[in-house]
Amino acid sequence: MANQLPSSVLIVGSGGREHALAQALARSPAKPRLLCAPGNAGIAADATCFPVAADNIAGLVELAQREQVGFVVVGPEVPLALGLVDALIKAGIPAYGPKADGARLEASKIFTKQILLKYKIPTAAAGIFHEVNPALDYLRSRSAPIVIKADGLAAGKGVVVAQSLAEAEAAVRDMLAGNKFGSAGSRILIEDCLFGEETSILVVVSGRDYVILPTSQDHKRIGDGDTGPNTGGMGTYSPAEVVTPELLGRIDREIVRPSVNAIADEGMDFRGTLFIGIMLTPTGPSVIEYNARFGDPETQVVLPRIKSDLLALLWAAARGELRGSSLDVRPEAAICVVIAAQGYPDNYPKGDVITLPPADSLPPATTIIHAGTARNAAGQIVTNGGRVLGVTSLAPTLREAADRAYATCDQIQCVAKYFRRDIGARQLTRKP
């Protein structure tokens with residue numbers, strides 16, 4: 001198989017997800033040449049980085065042609081929504097990731113909600129609005145807490161879980177009248193609030209064929225105890241043991257298979273990662289959202305647990321040859337603790353120097369994954385985003401993985417670093 005795989009792979013993106021993808025693809029027996037655009041300070045150690053922005057569609061196609069890239073793996077949602085995969089395929093370059101029509105599942109929360117309702121896939125009741133007054137009238141007919149979502153892409157921040165009617169009304173006005181999220185918030189979704197635990201199901205999809213990746217559970221809010229505003233994700237662990245084999249079977253029957261079929265029935269030839277955010281409610285699993293790419297930071301714990309060749313899996317999906325594929329999964333637990341810049345998800349500094357511990361001093365099976373990092377003129381690694389690093393550890397137990405990850409977080413020196421101290425705590429307190 002290895003000799004049939006592409007000899008060079010371009011990863012598009014610059015975050016922790018892309019660093020995790022680079023590390024996983026580097027483990028392929030095919031030993032492909034790895035390139036990344038634009039990359040970050042950590043990815044540069046695993047791949048040759050090129051300063052082409054992830055939203056520069058023409059520039060990325062030109063780069064792939066110039067470097068004679070055999071395969072492109074697209075990380076973030078923006079280039080997918082802008083049609084990067086369509087442009088690559090038109091240029092004869094195989095790519096992993098949905099075309100623009102499939103990327104709408106993430107680029108428009110309303111598009112997804114309409115599909116969920118049409119195909120009777122479990123999801124919260126909702127209303128769709130583009131004017132303030134009808135939205136406020138609808139709000140007053142529901143009860144708090146209630147969820148307000150900007151329709152378009154808002155970097156993981158376009159969701160408000162309002163605890164009161166006043167907070168909900170303010171969120172509606174911010175989005176529709178105050179232009180808080182620009183065009184992304186010109187239409188909004190108002191959803192009933194689902195209660196329970198969340199889990200993230202990542203599915204490698206190729207048409208009607210799919211492979212479910214190991215389960216994980218993300219921690220969205222900025223503060224310990226799930227307090228404060230939502231973020232892109234402050235940490236995650238895998239497996240999510242709340243998803244028992246029986247429950248995963250139910251999720252597959254009631255959500256994954258119907259979702260994959262619905263997408264195909266709607267005329268989308270989806271070849272990429274379908275990320276399904278699920279709330280485990282008292283009455284059963286219910287879909288919160290679809291994303292059209294690997295989750296961040298879920299990818300940082302899911303990929304280290306996959307023993308199979310990731311390159312072979314993604315290549316098969318892109319080529320429509322996924323049927324019959326299976327996964328070999330490690331039994332160990334994995335955890336990722338995200339180190340953010342103080343002030344994230346609102347205003348935060350950039351350019352603060354980061355001092356990392358020597359690689360040979362890290363605990364076993366522990367990796368520092370770069371997200372928002374760069375190098376300054378002096379060659380020092382500095383902060384360059386809200387979520388700066390992710391510390392991922394793999395161990396026989398979640399407790400051991402957490403101890404290793406947190407010991408490493410404490411060793412990392414950066415004036416503005418901030419991280420939650422309770423990633424995985426819910427699972428750990430469930431343990432006998």
Residues being of a type in the set (Ser, Thr, Tyr) and touching a residue at least 60 places away in the same chain (Cβ under 8 Å) - total across the range 15-49: 1
Restricting to the range 213-229, give me the number of residues that are closer than 27 Å to Pro98 by Cβ and surrounded by fewer than 17 Cβ atoms within 10 Å (Cβ to Cβ). 0
Could you list, in sequence order, all residues of the range 383-414 that are hydrophobic (A, V, I, L, M, F, W, C), within 17 Å of Pro349 (Cβ to Cβ) and open to solvent by 10 Å² or more (accessible area, probe 1.4 Å)? Cys414
Among the residues of the range 1-59, write down those that are assigned to a helix (DSSP H, G or I) and either within 15 Å of Ala371 (Cα to Cα) or among the acidic types (Asp, Glu) (or both). Gly16, Arg17, Glu18, His19, Ala20, Leu21, Ala22, Gln23, Ile43, Ala44, Ala45
Within the range 134-142, is there a residue that is hydroxyl-bearing (Ser, Thr, Tyr), open to solvent by 60 Å² or more (accessible area, probe 1.4 Å) and either under 21 Å from Phe275 (Cα atoms) or modelled with pLDDT under 95 (or both)? yes
For the range 291-325, which residues satisfy the criterion of being under 21 Å from Phe270 (Cα atoms), in contact with a Lys or Arg (Cβ under 6 Å, 6 or more places away or on another chain) and not polar (S, T, N, Q)? Phe294, Asp296, Ala317, Ala318
Would you tally the residues in the range 286-305 being open to solvent by less than 20 Å² (accessible area, probe 1.4 Å) and either closer than 17 Å to Gly272 by Cα or within 15 Å of the chain's Cα centre (by Cα) (or both)? 12
Failed item in (1) surrounded by 23 or more Cβ atoms within 10 Å (Cβ to Cβ); (2) farther than 18 Å from Ile43 by Cα; (3) not polar (S, T, N, Q), with Tyr348 passing the rest: (1)
Which listed residue, of Ile335, Ile339, is β-branched (Val, Ile, Thr), at pLDDT 95 or above, within 22 Å of Ala240 (Cα to Cα) and in contact with a Cys (Cβ under 8 Å, 6 or more places away or on another chain): Ile339
Here, strands (runs of 3 or more DSSP E) confined to the range 310-389 with at least 1 residues that are among the polar types (S, T, N, Q) and under 23 Å from Ala24 (Cβ atoms) are 366-370, 373-375
If I go through the range 248-285 residue by residue, how many of them are open to solvent by less than 40 Å² (accessible area, probe 1.4 Å) and closer than 18 Å to Tyr210 by Cβ? 20
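The values are calculated or read from the model by the stated rules, or taken from the named source; none is laboratory data. Just so it is clear, the structure is predicted and the values come from calculations on it, not from any experiment. Because the Cβ atoms are built from the backbone with ideal geometry, glycine has one as well, and the counts that use them run over all protein chains shown. With ligands, DNA and RNA removed, areas are computed over all heavy atoms of the protein, side chains included. Shrake-Rupley method; radii C 1.70, N 1.55, O 1.52, S 1.80 Å.
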